[in-house]
Every structure is written in C-alpha cells, then in structure tokens.
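The values are calculated or read from the model by the stated rules, or taken from the named source; none is laboratory data. Just so it is clear, the model here is predicted, and its values are computed rather than measured. In case anyone asks, the SASA skips ligands and DNA or RNA and just uses the protein heavy atoms, side chains included. Shrake-Rupley method; radii C 1.70, N 1.55, O 1.52, S 1.80 Å.
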Amino acid sequence: MALSLPAIMRTTAARLSALYLLLFALCAVLLVLYMTSLSARMLTAQTQETINDEVLGLANAYQRGGLPVLVRVVEARSRQPGANLYLIADANGQILTGNVQSLEPGVIETEGWTTEPFSYQRFGEGELDRLRSGDQTAPSTGTSGAQSEGEKGHNAIALVLRLPNQMIMLVGRDLGEPERFRAVIKRSLMLALGMMGLGGLLIWFFVGRAALKRIDSVSDASRRIMGGDLSGRLPVTGAGDEFDRLSENLNTMLARIAMLNEGLKQVSDNIAHDLKTPLTRLRNRAEATLAGKHKTTDYRQALEGTIAESDQLIKTFNAILMISRLEAGYSSETTSPVDLAATVSDVVELYEPVAEEAGVALETTVPEAFTINGNRELIGQALSNIVDNAIKYSTGATENPKVRVTLERAGGEIKLAVSDNGHGIPDDADRARVTERFVRLEKSRSQPGSGLGLSLAKAIMTFHNGRLDLLPANPGLSVIMSFPARETR
C-alpha cells in the first residue's frame, strides 16, 4: 500500500484528526468572534460614557458663562493630547473652533448620537501632509469637502448637540484603539487558524503514515499465514494501543487454530496407525472363519469376537468425537450442581470388583461434600478413565499395589487426586506427552486401551475451567483434577 496523501486521507486516524480539527477551529472562531464582539460593545459603551461625561462638563461651562466660556473650554480641551474630539460650528456647518479640521459629509446635520462611525481629520494633519507632498494650497476648514488623496483619516463616534443660538457642538472620541484591538484579534485568529491547519496536516501525515505502516505489517503477516505458515503471528509493538490489542486477540485465535490443526493431524496419523490393527484383526477373523468348514459354535464365537472388537472401535471413535467437541469449546451436555463426593463414591464402588480381581487395594478419602457446577457424566467419565489407568498400571508393579482416591480443598481449588504406587512416569516430558491423543508409553502395547483416556480427562477438565496435572508420587503417579472453588458447601 503506497503511503500517498489520498491513501492517508482514507484512514480512520486521518479522518478523526480532520473532524477534531474542524470542530476545534469552529469553536475557536465562534469564541474569538464572541469575545471580539463583546469587547467592541464594552469599548463602545465605555466610549459613550466618556463622551457623556465630557458633554456634562461642557454643559456646566455653558451654564456658567454662556457661549464665550464654552468656546474657551473647548479650545483648552482641544489642545490637550488624547482621543477626545471637540468641535463648535455655526448654523451653516462652518467649523469655528475645536481639534477637528474636516468631517465626513452629513455628520453634524443630524442631532444626537451618530448611527455609524464616521471619518474625520484632525486639525493640522492635512497641512502636514500637504507640506510633505509639496502642495502649498490653503487647507479647507469646512465639513462637506472630501478628503484629498494622501490625507490621513480617522474613525470616531460622537454626540451632536444644537445650542440655543442654533450653533452646533460635537463631542466625540476616536475609535483607533478598538480598531487596533480588532486588528490584533484578527491577526491572532488568522495565525492560530494557520497553525492549527499546519498542525492538522502534520498529524494527518504522521499519524496516518504510522497507521498505514501498522496495517501493512499486519497484512504481510496475514498473507504469510494464509500461505500456510500457521506458526506466523501478527506483530505486537508493545504500545498497548488498539492495534496491539487486536493483534494479541488474533494471535490467540491463531494459536488456538494451530493447536486444533495439530491435534487434527495427530488424530489422523494416530487413527491410521492405531486403528489399523483392530481392523486388520476383524478382517483376518472373518477370513479365517469363512475358510474351511466350521461348526456353528465357531461361527458364533467369531461373530461375538467381531462384535466385541467393533464395540471397542466404536468406543474409540466416541472418545475421539467427545475430545474434539470439548476442545472446540462446544458441548451439548448440560451443566448443573454436582456433588463430587457422591461422584467419587459411585466410581470407586464401580471399580472395587475390578480392583479386587486385579489384587489392587482401592481406598478413598472424602472428608466432606463438595458441590460444583459441572456435568456429572463427564466428570465421572474422566475419573473412571484415571482410576482404570491407575489399577491397570499398578498391577504387578509392586507386592502390595494400591490406588488411593482423595478429595480436598487447597486454596481456591478443589483437588480430586488419584494416586498409585506403581512404576509411575519418571520423565517430565513423558508426563506432559501422555495426555495427548493415542499416546501410549508402553512400547509393546500389550495392555488393552487406545491411549485416549487421559486425553479425554484433560479435555473434560478444560471444559470445566479446571486443569489436569500429573505428578510423581514416589513411588507411582498422582493424577490431580483441579476444579475452581466456586461451589456451595
């Protein structure tokens, strides 16, 4: 996958970055506009309040001495530096005194507050501009002439009052400070939006590029796995992000699939190896029976042997199917409260005649009842397989063969153990391997069995969220079924 800009823009990371950038920019613009508008209103209100104070002071001067005092006060205040504007004009709009040289046409024609900011020129600014440009024409002192090109203009708001003698007084304030504030806000907004845009593009590029690299590595690993390399796994960087969590889950699934495939391969190989012998015996028995002349009893014995051999094959296939169902995590078997003590008693009672016939002492130690949530038939089947193996492999191994079944609580688990004093399995690798399907440590295979008993017991324990452990008993072997202690006693 090429790491081009269109490819990056199609990634979820880039789309989320674009969405967050858009939302943040929208909120930033709205916030700045609101703050600008609020600040402008506050400055306008403050400006109007300042103008009202100035008008009040001039009104007091007019009341004290009439027009002469008012003119002197206006002239005095006009000479002071500041943003305030003062102007007194006659009834025709001719400027008599103040610090305003010219106004935008129509400003002093309407009494009251100016509806919109107007442009004006301070006294002396036009003359300075003309001197700089070499123009020696006399300056205009009227209010209706347009400002010549190159003259410096300002904006202001003002209160226009008409005096009793029809003369006009204007008191205003320059808007340079609010305009500069708005300009600063505008530049800051443009700069902030530019930086956010650049940052967003960088995030899109680098985050999208990193995401695409991760996806490419996952795709490469997936292609290798689909090509038949089931040992391959998806890469995990250790960052703990969603890609790592997804890879870990998929790796767990792949390990599970590989284990099931390996189990299927082993089953196929072991079926071909271990079931060939009984099938061959069936065929040879049938062929021998049909050859020559035999009595009716001979045919009957052959058929009975065939049925017995077939029953053993059916049991083997049933065990294989049960193991496969349990290992796949599915079982139609229902679970319910199971009394392990009662199950142990039933299995021991069932195998007491078998043990007595084999000369093995079968003992039990079940101090109290333990109830778990499970399947009684499956647990009984697993325990029966383990007890049967213990009796089988302890017979003849010592002068006093003995098998002991115990049930006890150990920490957060309930342990059901079957121990014998036979030869045991001294090698740790063999103890781990004996729970696999069709594995029999007896090389001669003279003992009856198919090598599925412990495999089925392990699958049953996995189904019950427990585990099956094989430990040396010195002498002998101890097979321990550990159930999670979630029972009610």
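The calculated Kirkwood hydrodynamic radius for the range 150-250 is 20.4 Å, given to one decimal from all distinct C-alpha pairs. With all protein chains in place and ligands, DNA and RNA left out, the 1.4 Å accessible area ranks Glu177, Glu104 as Glu177, Glu104, largest first. Sorted largest first by accessible area at a 1.4 angstrom probe radius, with every protein chain in place, the residues Phe317, Phe24 fall in the order Phe24, Phe317.
Averaging Cα coordinates gives a centre for the range 360-426 and one for the range 58-78; these two points are 119 Å apart. The heavy atoms of His154 present about 40 square angstrom of accessible area, all protein chains included, probe 1.4 Å.
Phe118 contributes an accessible area of around 10 Å² to the protein surface, as traced by a 1.4 Å probe with all chains present. Prolate is the label for the range 329-435, because a/c, from the alpha-carbon gyration tensor with a ≥ b ≥ c as root eigenvalues, is 1.5 or above and a/b exceeds b/c. When all alpha carbon pairs of the range 349-395 are counted in 5 Å bins from zero, the resulting P(r) reads 5, 18, 25, 23, 17, 10, 3, 0 %.
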